[in-house]
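The next block holds one structure in the form of structure tokens; read it before the comments.
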């Protein structure tokens, strides 16, 4: 397991993550990219705990995602199955589990202040924290994706499912985008990754 982890997370984090996986009885599956999520946690019918994480994540995003999913398991175990998935119990658990990893042996100095700020009140996804998502993206392998906020007003883009949209105005936090084929209006998070067309 430790050898497998070494391909996906920072080296200094391996011993602690390995102990966390053992302590919580996690069956970790590393899977192909899913466009709609980075990872998930499930209690299986036989009572075992399965966590899946996308293989294509950079090592910092992989670590945050893995700890995020272990926090679901730990919060449900401690507080019961009826808590909100990303409620105060999960946030507290996620903060406690993540705290030992927030230091320069694991994360680059450029990421540390953004990660520390994010974990004062962690969100359901690190992707909803635009500054952190953009900082983490610089450690991704090069790809042809852009964030919505990088698309100019009136520019068109394609989603992973092939649908084409035209970017409109920014509301308070999200962008109005018109689906070209149907004329329907959708709201997008500023750091949703899309393929810029023109």
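The values are calculated or read from the model by the stated rules, or taken from the named source; none is laboratory data. Quick caveat, the model's predicted, so the values are computed rather than measured. Note: ideal-geometry Cβ built from the backbone for every residue, glycine included; neighbour counts use all protein chains shown.
Values computed for the structure shown
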{"read-out": "Within the range 87-172, helices (runs of 4 or more DSSP H) holding 3 or more residues that are within 30 Å of residue 198 (Cβ to Cβ) and free of Cβ contacts under 8 Å to residues at least 40 places away in the same chain", "value": "130-137"}
{"read-out": "Filter pass, residue 159 being within 27 Å of residue 84 (Cβ to Cβ) and either within 21 Å of the chain's Cα centre (by Cα) or in the same structural domain as residue 65 (by TED's automatic domain parsing) (or both)", "value": "no"}
{"read-out": "Criterion violated by residue 43 - all others in (1) within 20 Å of residue 14 (Cα to Cα); (2) in contact with a strand residue (DSSP E or B) (Cβ under 9 Å, 6 or more places away or on another chain) satisfied", "value": "(1)"}
{"read-out": "Yes/no for residue 113 being farther than 19 Å from residue 33 by Cβ, in the same structural domain as residue 99 (by TED's automatic domain parsing) and buried (at least 16 other Cβ atoms within 10 Å of the Cβ)", "value": "no"}
